[in-house]
Amino acid sequence: MKVCIVNSSPRYGGNCDVLCQQFSNGARDAGHEVEVINLREKDIHPCIGCYGCRNTHVCVRKDDMQEILPKLIEADVIVFASPVYFYSISGQMKCMIDRCIANHKAIVNKQFYFIITAANPDHTAADGILAAFRGFLRCLPEPTEKGVIYGTGAWEKGDIYNHEAFKEAYTTGFNI
């Protein structure tokens with residue numbers, strides 16, 4: 001299967017990065033084709049609501065979404081990863097999701113996994129992120145939510161190495 005991991009963490013080597021790498025390692029070890037997209041390395045402008053894409057399914061804005069959206073459409077499995085920012089997704093993830101409007105109906109029949117990291121140890125810290133991710137899935141044809149990996153209670157870089165989510169990310173990637 002083709003696996004596309006969209007990592008929206010702005011912090012290099014942070015806990016979200018580590019969990020994405022673990023998921024990726026597991027999926028690769030199981031024989032899947034994996035690509036990790038780090039949004040912090042991409043130039044993605046906000047949607048301007050012009051609906052120039054309505055008939056063409058191509059956004060009028062020319063930036064890195066031109067390469068990202070086709071990868072989401074081609075993938076069998078999509079992983080969205082975000083640290084908690086004020087109890088919601090990172091700005092990078094929100095911007096990317098909004099830009100999918102150009103051809104979101106072509107993201108059909110995908111399996112989705114979510115990776116969430118937060119300083120707060122309570123899983124409810126992820127409720128805002130889950131609402132945002134699930135809201136996006138409500139707009140897609142035939143999505144399947146397969147699982148959530150909670151890296152909650154991990155604040156400092158490296159905290160995640162001693163967290164149960166570290167092993168869970170690898171195992172989940174391996175078992176997709």
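Distances between placed amide hydrogens fall under 5 Å for V34 paired with V3, all partners being 5 or more residues away or on another chain. Screening the chain for whole DSSP H helices of 15 Å or more along their axis (Cα) with average Kyte-Doolittle hydropathy at least 0.0 returns 127-138.
Taking only protein heavy atoms and a 1.4 Å probe, the accessible area of the range 1-108 is 52% carbon and sulfur.
Please give the FRET efficiency for E156 paired with N25, using the beta carbon to beta carbon distance and R0 = 22 Å, rounded to the nearest 0.05. FRET efficiency, E156 to N25: 0.50. Normalised per residue, the accessible area of the chain is 48 Å², obtained with a 1.4 Å probe and no contribution from ligands, DNA or RNA. Its alpha carbons give the range 57-176 an Rg and a Dmax of 14.9, 45 Å.
Per-residue ellipticity at 222 nm computed for the chain from its helices equals -10000 deg cm²/dmol, with DSSP H segments shorter than 4 residues left out and the rest contributing -39,500 (n - 2.57).
Per-residue SASA remark: L140, around 10 Å² accessible (1.4 Å probe; ligands, DNA and RNA not included).
The label point for D63 and the one for A131, both projected 7 Å from the Cα toward the Cβ, are 2.5 nm apart. Taking label points 7 Å from Cα along the Cα-to-Cβ direction, K2 and T171 give a separation of 3.0 nm. Assuming R0 = 30 Å, what is the FRET efficiency of E41 and E164, from their Cβ-Cβ distance, to the nearest 0.05? Efficiency, from the Cβ-Cβ distance: 0.55.
Counting only DSSP beta bridges whose two residues both lie in the range 1-132, roughly 5 percent are antiparallel.
The values are calculated or read from the model by the stated rules, or taken from the named source; none is laboratory data. Nothing here was measured: the structure is a model prediction, and the numbers come from that model. Virtual Cβ from ideal backbone geometry, glycine too; neighbours counted across all protein chains shown. Please note that ligands, DNA and RNA were not included when accessible areas were found on the heavy atoms of the full protein model with its side chains. Shrake-Rupley method; radii C 1.70, N 1.55, O 1.52, S 1.80 Å.
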